[in-house]
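> Quick one: the structure is below, and I'll ask about it shortly.
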Amino acid sequence: MKMIGLGILIMVAGFIADTAWHNKHGFPVHHGIPESHYLMFIGATVGAVAAFRLIRKREATLNKRWFYGLFIAAAVCIAGWLLDNLIYHTRDIYDGGFVQEIFHTMESFGALIYFAMSIVVSLLTIGRNRRSRS
């Protein structure tokens, strides 16, 4: 569970840095991949690895469906990041078109679902740990 928290912290740092970067520079066409995007990618990757490790754990504290959900949400975020950055940003395209917005939405939606599910999983784990102690 600590790796899930680490992944979230890295992703949040990436989103904050990306917001600050775009507020300062706007949306320049000829820039490539902004550095803050790498933080979001690393955070989502850490989150996916953490969820995968929890799926593989033999004595899971929760139903593994929760961890599959975390993994899928992180994978959607990673896929959106790859499609957006490798198709648009590396080719210096920023047209704000429909397809590009789908990729941005995949990245944001995957991250938001991952955040929400990780809160639920954390609360369920805390509740289960408290019940097992008493």
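The values are calculated or read from the model by the stated rules, or taken from the named source; none is laboratory data. Not measured: the values here are computed from a predicted model. Using ideal geometry, Cβ is built from the backbone for each residue, glycine included, and neighbour counts are taken over all protein chains shown.
> Evaluate region 35-43: report whether one residue or more is closer than 15 Å to Ser118 by Cβ and surrounded by 14 or more Cβ atoms within 10 Å (Cβ to Cβ).
yes
> Among (1) surrounded by 15 or more Cβ atoms within 10 Å (Cβ to Cβ); (2) modelled with pLDDT under 80; (3) out of contact with any helix residue (DSSP H, G or I) (no Cβ under 7 Å at 6 or more places or on another chain), which single condition is Gly96 missing?
(1)
Residue-by-condition table, conditions (1) closer than 18 Å to Leu82 by Cα; (2) acidic (Asp, Glu):
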{"site": "Leu9", "(1), (2)": "no, no"}
{"site": "Asp18", "(1), (2)": "yes, yes"}
{"site": "His31", "(1), (2)": "yes, no"}
{"site": "Ser36", "(1), (2)": "yes, no"}
{"site": "Met40", "(1), (2)": "yes, no"}
{"site": "Ala50", "(1), (2)": "no, no"}
{"site": "Arg53", "(1), (2)": "no, no"}
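> Let me ask another. Can you name the number of the only condition in (1) under 21 Å from Val121 (Cα atoms); (2) assigned to a helix (DSSP H, G or I) that Ala17 fails?
Just one mismatch for Ala17, condition (1).
> Checking Lys24 against (1) modelled with pLDDT of 90 or more; (2) loosely packed, with under 15 Cβ neighbours inside 10 Å, which test does it fail?
(1) is the only condition that Lys24 fails.
> Filter region 27-74 for residues that are modelled with pLDDT under 80 and among the acidic types (Asp, Glu) and give the result.
Within region 27-74, Glu59 is the sole residue that qualifies.
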